Structure formats: C-alpha cells, structure tokens
Amino acid sequence: MTHPLRTLALSLSLATASSIASAQVCGDGRFEPPAEACDDGNTVSGDGCDSACGIEAGYSCINPPSLTGISEQSYPGASANWIISPDGLSGIQTSNTNAPTIGLIGADAQALTYQFDVTVETASDDDFVGFVLGFDPGEQSDPMADYLLIDWKQRDQPPGTEGMALSRVTGIPDPTVFRDFWAHSASATGAVTEIARATTYGGTGWEDNARYRWTITYTPTHLTVQVQQQT
C-alpha cells in the first residue's frame, strides 16, 4: 500500500480556519515556510543559508516544524479561526464546527520524527484532535486523494467512537456530521477506512485542559505514534 508522502499537517478536526497573516523576515532566526527554506539568523550568503533564506548548493537543512507558515485547508460547511503564537510552536482553534480543518505545516511527512504538545483549553464540545500525514493542498476536493488520518475523539457520539484511531482516507469524504470522518466508513461514501486503534488510548478520550505530547515517526516501512500526558 502506498501513500502520498509530501506533507505533515496538524489537524484539529471538525473545525476549519480563516487565513492567517504572518510577517516573514529573512534573517530573524525564525523558520517561516513557505517563503523560507532556512533561516540561520542572518542574511549572509556562503554559510549554507543564503541572503534570501534559501538553502545553498551542497548544503541541507532540517528545520523544526513551525505553525507560522500554516496553510489552512477547509472542507465545505465550516468556518473557524486559528490563532498562532509568535514563536510558531502553538496554536489555538477558537471554533468547533461541523467540518474538518487541516493546517498544513509543509514538511516532508517521512523526513523527521515530529513532536508537538496539544492542549484543548476548553470544556465545550471539542470532538476531535489529531494529525494527517501525506495530505497535499487541495486534496479535500481531489477524488484521487490518498492520505493517513490519526484522530482522537473525546467521547462516544454515535457513529463516532471515543478513542484514538489510524485511518486511510481515499477520495473525497463526506465531511458533514455523522458521516465519514465521524463513522470511519460506517456510512456515507466510505472514503475513510479505519486501519487500527491505539494500544493505550484506543478506547479512551482526551481530557479537557490536559497537555499531551505527540511523537510521530513516519518512515517508508513503519509509522509509530506515541502520546504522553504531561504534568
């Protein structure tokens, strides 16, 4: 089984996002994709990262994931808002709506081990948090889309089941409530197929105001997802 392997994305499911304006300044030491391929804190060429924050020939650059250059992908029927911290290490989704939001970070899905802390700082009806792997811009309306979804539901809301699951998404899911994203192919188009449930959190939802550290390693031969609640 093969999947597109081009992007890692943060997904706060059942919500979508408006656009974000973020000033990108080359040489400030903050990696801000997509305009920057690197940022070593200066605009001096010849040291691997050139004056326009491009990677120079003969060099490579592994940048930490950053939300400052996030690109939102909206499924139909939703509206929400992202607030990203200045350092690009955290974000807040202020609305809970009926269709998914995917915020693309723009890194190679198989290039690194990624680590994020996720906290839902509300007691309102926030249904899913999670990540997608191998999602490219525009695939929410692409019948040839093929990517992986890791979603974590807080509680049972039929046909949605409490707990964390790994699913494969092919084609265009029906994003409306009680359809593909909730049911994992129990109904509707069948575009979301559940592959596995998590060992520890497969039947357990996340807690309000608790911080969870996600560590995701994705290679051509395996995928591991570790989630640890932080004190």
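The values are calculated or read from the model by the stated rules, or taken from the named source; none is laboratory data. A quick note: this is a predicted structure, and the numbers were derived from the prediction, not measured. Virtual Cβ from ideal backbone geometry, glycine too; neighbours counted across all protein chains shown. The protein model used for the area step is the full one, side chains on, heavy atoms only, and it has no ligands, DNA or RNA in it. Shrake-Rupley method; radii C 1.70, N 1.55, O 1.52, S 1.80 Å.
Keeping all protein chains in place, calculate the accessible area per residue for the stretch 129-231 (probe 1.4 angstrom), answer in Å².
Result: 45 Å² per residue.
Test of understanding: express the Cα radius of gyration of the stretch 125-231 as a ratio to 2.2 N^0.38 Å, with N the residue count.
Normalised by 2.2 N^0.38 Å, the Cα Rg of the stretch 125-231 equals 1.06.
Just need the relative contact order of the stretch 31-170 here, percent rounded to a whole number, with Cα pairs under 8 Å and 6+ apart.
About 15 percent, as a whole number.
Which distance in nm do the two modelled labels at T221 and T94 give, with both placed 7 Å along the Cα-to-Cβ direction?
For T221 paired with T94, the spin-label model returns 4.7 nm.
In whole Hz, what ³J(HN,Hα) sequence does the stretch 148-153 give by Karplus (6.51, -1.76, 1.60; θ = phi - 60°), x for Gly and Pro?
9, 10, 10, 10, 10, 8
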